[in-house]
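See below for the structure under consideration.
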Amino acid sequence: MNFCSHCGNSVHVAIPEGDNRPRHICDRCGTIHYQNPRIIAGCLPVYEDKVLLCRRAIEPRLGFWTLPAGFMENGESTEEAALRETYEEAVAEVEIQSLYTVTSILHVNQVQMFYLAYMPKPEFDISSESLEVALFAEDEIPWDELAFQTIRNALHFYFDDRKRGKFPLRHVSLDAGDIQKFRDHLKAASSAE
């Protein structure tokens, strides 16, 4: 950040009085600009014994499979964001059952929240954000073509929890090392083909 969004003057980085982290502070009006994690909300849609995945039509990870999710907008709840993103990416209407996974992705300042959701009908379609949308049984999941570690984690949790019949809220933290291991795994899998 170079300029204050409040008055347009230049900013400097310092730790404000009573704070413990460096912040951008306006040189003229004194506005403190806080930068906070971005929230990503989505659903893990389930129809009978299958889950709904979307093949990404946008970067990052163009062409890889994901659960429908995206950035939360101002003025909406996390549930509303998850439902909106599911419709935008998969043209699917779902009923949220419960918050299922909360993942802090430390190195990119994101928090991802996935809701377990029931699909009353197997109705879905592609959108401008999805090249393909499909239902997958556990043994059909394209594990080596999943876009993100968070998606892989949520699906593993779901299939393990389904065997027990209990779906507890899962909290996970990922750092850059975890993501690099995931990328190395994908690279090794594609080299083996």
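Here are the numbers for this structure:
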quantity	calculated
Selected from Ile126, Leu44, Cys29, residue furthest toward positive end of dipole (the chain; charges at beta carbon)	Cys29
Of every Cα-Cα pair in the chain, the percent that sits beyond 22 Å	53 percent
Förster-model FRET efficiency, 30 Å R0, Lys121 and Leu169, C-beta, rounded to 0.05	0.65
FRET efficiency for Leu106 and Cys7, using Cβ-Cβ distance with R0 set to 41 Å, rounded to 0.05	0.80
Phe136-Glu95 pseudo-label distance in nm [points 7 Å out on the Cα-to-Cβ vector]	2.6 nm
Projected area averaged over orientations for the stretch 39-92, convex hull of C-alpha atoms, nm²	3.9 nm²
Base-10 log of normalised Debye intensity for the stretch 1-106 (one unit scatterer per alpha-carbon) at q = 0.16, 0.20 Å⁻¹	-0.81, -0.98
Gain upon complete extension [Ala189, Asp161; 0.36 nm per residue less C-alpha separation]	7.5 nm
Lysine pairs meeting the criterion (Cα under 29 Å, 8 or more apart or interchain), as found in the chain	9
Listed residues Arg170, Arg84, Arg56, most fluctuating in the chain (Gaussian network, C-alpha, under 10 Å)	Arg170
Share of pairwise Cα separations in the stretch 97-193, more than 16 Å, in percent	66 percent
In sequence order, calculated HN-Hα J values of the stretch 100-115 (Karplus, 6.51, -1.76, 1.60; Hz; x Gly/Pro)	10, 10, 10, 10, 8, 9, 4, 6, 10, 6, 10, 10, 10, 10, 10, 9
Cα centroid separation - the stretch 69-92 against the stretch 1-61, whole Å	17 Å
Descending principal axes extents, the stretch 74-115, alpha-carbon based, whole Å	32, 20, 20
Cα-based radius of gyration of the stretch 39-153 once divided by 2.2 N^0.38 Å, which approximates compact folds	0.96
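Taken together, the values in this text are just the output of simple stated rules run on the coordinates, not laboratory data. From a predicted model like this one, the values you see are computed outputs, not experimental measurements. Positions of Cβ are generated from backbone atoms using ideal geometry, with glycine treated the same way; all protein chains shown enter the neighbour counts.
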